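The values are calculated or read from the model by the stated rules, or taken from the named source; none is laboratory data. Predicted model, so just to flag it, every value in this text is computed and none were measured. When we count neighbours, we look across all protein chains shown, and the Cβ atoms used for this are built from the backbone with ideal geometry, even at glycine. For accessibility, only protein heavy atoms count, side chains too; no ligands or nucleic acids. Shrake-Rupley method; radii C 1.70, N 1.55, O 1.52, S 1.80 Å.
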Amino acid sequence: RFRCCQDTTYLLGNCDCDCVTTLLHEGDACTSNAVLQLRGDAIIDASGGGPLVLTANITHGGSCERTLTLAGSSSHDNTLSGSIGDGPGTGVDKDGIGLWRLSAASGYSGRLRVIGGTLVIAANVPSSGASPFGTATNVADPPQVGGDGLALLLAEGGVTISRGFAVVAGTGVVVLGMTGPSGTATFG
């Protein structure tokens, strides 16, 4: 359970032992500068009565493939405002019915899947280099949206999503749309 700790580093997962770590936030609003280091697969579960805001970068340790799953049932503005490291074989999955937001400071260039719930891409996320939608040449593993639940990929006003992405087979509903500050969001 994550108790909104500050000035600390959490080592999440362990690919040598095939261990998955779940960081569970069930409390009130929390803004934390804790550094999260992915050493294997990990889940950040925001299911609290207030938003979970993580301000530090999410870094990598080791050289194994890993998936960071953003999950939970909270519909608050749960936010990653630091960058997500794109070490070897990194993937980010958005799952669960809740909402997660990649803020203006977030950058990410690995695999991304929106399986369920809502993922919001905030305005001013870098459009070249680091991007939450992988590189244009990453055609073997494009960003994916969909599955067996409701999956929403929303962009705040002023965001252009021009990287290709795929709709995953399943029985759910996929919604692409706009939210947040004024401006036009574009899906290419």
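Details
- Over all other residues within a Cβ to Cβ distance under 13 Å of residue 50, the charged ones net out to -3, with Lys and Arg as +1 and Asp and Glu as -1.
- Nonlocal amide H pairs with residue 178, under 5 Å, H built at 1.01 Å: 155
- Solvent-accessible area of residue 8 with every protein chain in place, 1.4 Å probe, in Å² to the nearest 10: 50
- Rg over Rh for the range 63-103 works out to 1.02, using Cα positions for both radii and the Kirkwood form for Rh.
- Contact order normalised by residue count of the range 53-102, Cα under 8 Å, 6+ apart, percent: 49
- Alpha carbon Rg of the range 1-93, scaled by the compact-globule rule 2.2 N^0.38 Å: 1.01
- Each residue was assigned an accessible area with a 1.4 Å probe, and for residue 92 the value is about 10 Å².
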